[in-house]
Amino acid sequence: MATDLLACTHRGDFPVLDQKVNGSPLVYLDNAASTQHPACVIDEIARYYREDHANVHRGIHALSSRATKLYEDARACAARFLGADSNDSIIFTRGTTEGINLVASSWGTEHLGPGDIILITEMEHHANLIPWQMAARRTGATLQYLPVHGDEGIIDWSLLDRRFKGSPVRLLAFTHVSNSLGCINPVSQICAEARRNGVITLVDAAQSAGHAPVNVQELGCDFLVFSGHKCCGPTGIGVLYGNPELLADLAPYQFGGEMISSVTYESAQWKSGPHRFEAGTPHIAGAVGLATALDYLDKIGRPAIQTSDHHLGRLAYERLSTLPGMRILGPKTERAGIVSFQLGTIHAHDLVAYADQFGIAMRGGHHCNQPLMRKLGLHATARASFYFYNTESEIDRLVDVLHRASRYFGV
Amino acid sequence: MEIDELYQTIILDHSKRPRNFGELPAPARKGEGYNPSCGDEIAVFVGESSSGTIEQIKFTGQACAICMASTSLMTIQVKGKSIAEALALKRTFIDFLMQEAAPATGLGNLQALGGVKKFPQRLKCATLGWHALEGAFKGRM
């Protein structure tokens, strides 16, 4: 029961988990879509609104200066969380999707042109795929894919060097952990290869930042993005880390208040640093809540969270494999706590609706991986995704309900 | 259990053994339905008689049990009807699923889908085949 250690000590921190759904205790296995919030995050957001709220960076009064301090402290917290050298390399966004759109729009427009290649993988979430399709269309660059092989989701990263040397690849954007396959890509190795070849890298850390140590210096990436709500923080807030040298001459993404140094009727000049990319009043309470969440995770320790995640993922893989007609995506070992599967001929929506009747929350669908699903000959899969507050007995309950579902739908 | 209201025996039967499953060659009309949230897709093929009634109807697709059963039952229920009658039945069916006391006139076995009322997130599944049917008539009315 060693893996339940974190759940034993920390499950109680999450008020939402203590409830019955359809008459059974809630088993929340939809963490890859959104994680739940510990009471400290919920309380801090409420406290901020009760005691400190005002607009940031423009008021002289006490509340404004408190709110500004909290907001900038949150930036420092995110920088620490990612091991970034400077707070100025942290841009607050609405989430992973906006972070990628920002880079694709600002960096892409300035640095991409006809003949250039944007390289991504076939396992990317739509959020790390469509912005590049659009950037390619806008700039005349070409979008190319590193192929994914088989249900295990293997990418032959050894081909990268040849790919870089044989063609004018300008940017490589890829996910750290696949949200459907649960595989973990060797980020530091990939980024080192890219850097040797002068290729800019963007890492989608949506599924990893709250689940494992993620240090931008060690990974050696140029850009990295994640969302608050996938690591115990609020929705509507996320982080884009950018290599300071690249951010220095990057044009703004949106325009308005907060991001200017001076404006005339004819033109405007931009602030330096991350504020240039944060037009308008930011999601202050979101940043405050996110900082509380990141501190909470680091108090538990991300290495411990990673161990728990991997154990639950491996265990779920093993136990689900015993079901007749089970097809599981992703690698057998070295996997994150994300397990997508197809059970016999039962459609994912039917399976997820059935499981919900027993209090089990899962996701069913294409997980914003339509091209990959199509390539694997699947329309939709069910997905159980874990976090450190999940327990081994919850995996047993899932397996039990899947056995019932097999009988019910007559596989 | 509430789930048994959703997955009634007739629905499980039609989802496993969909009736009128397959394609019709041209000049049959084809309409398609697609649910972007789950990737489900249904194609409905309609062959009209000289008097404008639905003489033949078939469907193909990949979808959940609710969607497959609803489409399968639909093909049985609209066969022999005029296009206007089929579209009126579509409205009756959708009203039946969305409104508490809506009449079920002419729905026959489609009433087995009444459990969807308690699962509003499955409404799209239950109506996808019907939207494909309407698509087959596009440009015809």
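A few points about this structure:
- Helix axis angle, A:284-300 relative to chain A longest principal axis, alpha carbon, degrees: 50
- The dipole here belongs to region A:42-299: it is taken about the Cα centre, uses +1 on the Cβ of Lys and Arg and -1 on the Cβ of Asp and Glu, and is about 300 debye.
- Each Cα pair under 8 Å and six or more residues apart adds its sequence gap; the mean of these over the residue count of chain A is a relative contact order of 23 percent.
- Theoretical gain in end-to-end length, A:VAL16 to A:HIS61 [0.36 nm per residue, Cα-Cα removed]: 12.5 nm
- Three-way shape label, region A:42-299, alpha-carbon gyration tensor, a/c 1.5: oblate
- Point-charge dipole on Cβ atoms (K/R +1, D/E -1) for chain B, about Cα centre, debye to 20: 240
- Shielding of peptide A:350-357 by partners, expressed as the average count of other chain Cβ atoms within 10 Å per residue Cβ, is 5.
- Largest GNM mean-square fluctuation among A:TYR253, A:TYR145, A:TYR265, using chain A with Cα springs under 10 Å: A:TYR265.
- Protection proxy ranking, peptides A:330-342, A:72-84, average beta carbon neighbours within 10 Å, highest first: A:330-342, A:72-84
- Gyration tensor verdict on chain B (Cα atoms; rounded if a/c is under 1.5, prolate if a/b is larger than b/c, oblate otherwise): prolate
- For region A:167-173, the Karplus equation 6.51 cos²θ - 1.76 cosθ + 1.60, evaluated at θ = phi - 60°, returns couplings of 8, x, 6, 9, 9, 10, 10 Hz by residue, with Gly and Pro reported as x.
- At least 18 Å along the helix axis (C-alpha) and Kyte average at least 1.0, DSSP helices within chain B: B:65-78, B:83-98
- Region A:71-153: C-alpha gyration tensor shape, a/c 1.5 cut-off, then a/b vs b/c: oblate
- Candidate aspartates and glutamates - alpha carbon under 17 Å from B:LYS16, same-chain residues fewer than 8 apart omitted: A:ASP350, B:ASP4, B:ASP40, B:GLU41
- In nm, spacing of pseudo-spin labels at A:ASP400 and B:THR53 (7 Å Cα→C-beta vector): 5.5
- Unit charges at the beta carbon, dipole of chain A: most positive-side option, A:CYS183, A:VAL27, A:LEU402: A:LEU402
- Bridge type composition, region A:42-299 - antiparallel percent by DSSP, nearest 5: 45
- Axis angle, to the nearest 10 degrees, between helix A:187-196 and the longest C-alpha principal axis of chain A: 40 degrees.
- For the protein assembly as shown, convex hull of alpha carbons as volume per residue, Å³: 189
- Projecting label points 7 angstrom from Cα along Cα→Cβ for A:ALA46 and A:LYS271 puts them 3.1 nm apart.
- Calculated mean residue ellipticity, 222 nm, the protein assembly as shown: -11500 deg cm²/dmol, from DSSP H runs (n ≥ 4) at -39500 (n - 2.57) each, averaged per residue and rounded to 500.
- Exposure proxy order (Cβ contacts within 10 Å, fewest to most) of B:TYR34, A:TYR387: B:TYR34, A:TYR387
- Just checking the listed ones, A:PRO25, A:PRO274, A:PRO213: in the Gaussian network model of chain A with Cα springs under 10 Å, the one fluctuating most is A:PRO25.
- Per-pair calculated FRET efficiency, R0 = 25 Å: A:GLU318 and A:ASP156 via Cβ, rounded to 0.05: 0.40
- Of the residues A:LEU290, A:ALA336, A:PRO324, the one whose Cα sits farthest toward the positive end of the charge dipole of region A:252-411, with +1 on the Cβ of Lys and Arg and -1 on the Cβ of Asp and Glu, is A:PRO324.
- Beta bridge orientation in the protein assembly as shown: antiparallel %, DSSP, nearest 5: 65
- For region A:331-411, alpha-carbon Rg and Dmax in angstrom: 12.8, 34
- Contact order normalised by residue count of region B:2-136, Cα under 8 Å, 6+ apart, percent: 32
No value in this document is a laboratory result; all are computed from the given coordinates. Keep in mind it's a predicted model, so treat the numbers as computed, not measured. A quick note on method: Cβ atoms are made from the backbone with ideal geometry, for glycine too, and the neighbour counts reach across all protein chains shown.
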